[in-house]
Structures are given as structure tokens and as C-alpha cells.
Amino acid sequence: MHRVTSNLTIFFKIFIPTVWIVFFTSILITIFTISSQTLPVLTTTSFKIGYTIFYVIFLLFLYFTVFQLKRVELGPEYYIATNYFRTYKLIYDDIEEITTTSLGRFILVKFKLKAKSSLGRKIYFLASKQLYEIFMNSHPEVEAYLSTLNKNQEV
């Protein structure tokens, strides 16, 4: 098995959401528990509503983007995808479509599956361009199969 996922995946998947949620939740709790005598600007109703809307919108943004990233290891017959809590062994035949987006040194890859798996119908991962190309060059049969499924041939 060859890891193709960037090392930054764990940073984006675990560290950023944890720090963001802890920091901004503590501010949210402070805003609703502090007396209006201490900080009158932060306890106005309009500020509370605005901050709560900002908090919920950014939390939804994190959920629909960063939380969806998986760690992926590719092999000659199958691939392994994990969300850092559970690990699943999947076969290439289950992939319906692949979408790749180049992000400089990284590639955002989406495997759209034919049926819903334990990780969902779509598997997103942030691949290191170098690791991804090394794997594809060393396994031409997998590259040939995956290139037939690739929606956009950017990589």
C-alpha cells in the first residue's frame, strides 16, 4: 500500500476544526454568559445574533469541506480509505467517476462511488502530487483503469 494523501490532511481534518471549534465556542459561551455591565458592546442582541449566525455558517462550511477529507492509500488491487477513526478496504471497481483538481503541490481528488459505502458516496482526499504520481508511475495498470474514470484530465 502506498500513501498518496498529503501529510496536511490530518492538520486540516483534526487540528484546524478542533482549534476553531474550541476557540469560537468559548467566545460564543462567553457572549451569552457575560453580564452587560462588563462588556456592553458584546452583549447587545444584534451582536449575539450576528456572531451566532457567523458561528453556524462557518461550522457548516467546515463540515461540508474539511470534515469530508479522508486519508487514502492506494494498492495494486484495492485502496484503503480512512476518516482517522474507521478504516475501510475498497475495490477500484466500485468507483464510478474520479474528479481531480490541481492545487499547486496538491491534488484534490474525489472518488464518486457507484453505491453508498460506509464512508458515503463520495470520498474526498488531498493527495500529494509527488506521491500520487509516484504511485501511478509504478502501477500503470491502476493508472490506466483510473484514467478511464477521470472526469477531467488535469493531473
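Other residues whose C-beta falls under 15 angstrom from the C-beta of residue 2 contribute a net charge of -1, scoring Lys and Arg +1 and Asp and Glu -1.
Taking packing as the residue-averaged number of other Cβ atoms within 10 angstrom, the listed peptides 99-109, 4-14 run from highest to lowest as 4-14, 99-109. For the pair residue 110 and residue 85, a Förster radius of 25 Å applied to the C-beta separation gives a FRET efficiency near 0.75, rounded to the nearest 0.05.
The tail of the calculated P(r) for the stretch 69-149, taken as Cα-Cα distances beyond 19 Å, holds 30 percent of the pairs. With a Förster radius of 22 Å applied to the beta-carbon distance between residue 152 and residue 93, the computed FRET efficiency rounds to 0.55. For the stretch 92-101, backbone phi angles converted through the Karplus equation (6.51, -1.76, 1.60; θ = phi - 60°) give residue-by-residue couplings of 5, 5, 6, 7, 8, 7, 10, 10, 10, 10 Hz, Gly and Pro being listed as x. Note on residue 112: lysines with a C-alpha under 26 Å away, same-chain residues under 8 apart excluded, are 13, 70, 89, 122, 129, 151. In the chain, a dipole from Cβ-located charges (positive for Lys and Arg, negative for Asp and Glu) runs towards its positive end, and of 22, 101, 137 it is 22 whose Cα lies farthest in that direction. The stretch between residue 47 and residue 144 holds 29.4 nm of extra length on full extension. This uses 0.36 nm per residue minus the Cα-Cα distance.
Label-point separation (nm) for residue 19 and residue 78, each offset 7 Å from Cα along Cα-to-Cβ? In this crude spin-label approximation the distance works out to 3.6 nm.
Taken about its Cα centre, the chain carries a charge dipole of about 460 debye when Lys and Arg each add +1 at the Cβ and Asp and Glu each add -1 at the Cβ.
Each value in this text was obtained by applying a stated rule to the coordinates, not by laboratory testing. Values in this document were obtained by computation on a predicted structure and should not be read as measured data. Here Cβ is always computed from backbone atoms with ideal geometry, including for glycine, and neighbour counts include all displayed protein chains.
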